[in-house]
């Protein structure tokens, strides 16, 4: 079961890892150990030195606040998001990689591809989304919020786990459309 939890984390984070060349070291600070909690925000692509922050805002009733987006761009963004989810669910590596930016923030395309190929071989996984909402929009960058439920089953046994949470997928506009450049996930307790 521990392997399943590790695999869930792998799949939830797009198998993305920091592009930093420095090894992870426990420096005995308050920040050490945060990654061990599976419910922490997975924030691949966030650079604390950048002014750009990823997230979403809710109203007094707890509803996610939608950004103002031109209708045509909203349709294109939500179609790109749907394709990203459908490609993952189909476990089609080439189709999935077509949804990823050529130079994504915070992870390496080839490492992501290799890790997902291994995960797809070892686990039957399914993303179920709801509440898809464009929460930030600029001409060449946008963020799509969704409630996400991930179901994973070991391909060689009956072991299965389910993880739910909230996700913000950051898209950037490339010549051939909107592409995923980073993914941020906060798991539910």
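The values are calculated or read from the model by the stated rules, or taken from the named source; none is laboratory data. These figures come from a predicted structure and were not determined experimentally. Don't worry about glycine lacking a Cβ; one is built from the backbone with ideal geometry, like all the others, and counts go over all protein chains shown.
Residues in region 79-92 that are surrounded by fewer than 16 Cβ atoms within 10 Å (Cβ to Cβ) and assigned to a helix (DSSP H, G or I): 79, 82, 86, 89, 90.
Suppose we keep only residues that are part of a strand (DSSP E or B) and either under 19 Å from residue 181 (Cα atoms) or in contact (Cβ under 8 Å) with a residue 40 or more places away in the chain (or both) within region 108-130. Which one would you say is farthest from the chain's Cα centre (by Cα)? Among residues in region 108-130 that are part of a strand (DSSP E or B) and either under 19 Å from residue 181 (Cα atoms) or in contact (Cβ under 8 Å) with a residue 40 or more places away in the chain (or both), the one farthest from the chain's Cα centre (by Cα) is 123. Quick one: which of 153, 173 is modelled with pLDDT of 95 or more, on the phi < 0 side of the Ramachandran plot and not in a helix (DSSP H, G or I)? Criteria check complete, one pass: 173. With respect to the conditions (1) modelled with pLDDT under 90; (2) outside any strand (DSSP E or B), residue 161 lacks only one, and its number is (2).
Applying the set (1) within 23 Å of residue 64 (Cβ to Cβ); (2) in contact (Cβ under 8 Å) with a residue 60 or more places away in the chain; (3) in a helix (DSSP H, G or I) to residue 145 leaves exactly one unmet item: (3). Of the numbered criteria (1) within 24 Å of residue 75 (Cβ to Cβ); (2) buried (at least 18 other Cβ atoms within 10 Å of the Cβ); (3) in contact (Cβ under 8 Å) with a residue 40 or more places away in the chain, the one residue 102 fails is (2). For region 182-189, the criterion of being more than 30 Å from residue 70 (Cβ to Cβ), part of a helix (DSSP H, G or I) and within 13 Å of the chain's Cα centre (by Cα) is met by none of the residues.
Examine region 63-73 for a residue that is surrounded by 14 or more Cβ atoms within 10 Å (Cβ to Cβ), at pLDDT 85 or above and part of a helix (DSSP H, G or I), and state whether such a residue exists. Checked against the condition, which is being surrounded by 14 or more Cβ atoms within 10 Å (Cβ to Cβ), at pLDDT 85 or above and part of a helix (DSSP H, G or I), region 63-73 yields at least one hit. Looking across region 179-189, just one residue is within 19 Å of residue 131 (Cβ to Cβ) and modelled with pLDDT of 95 or more, and that is 180.
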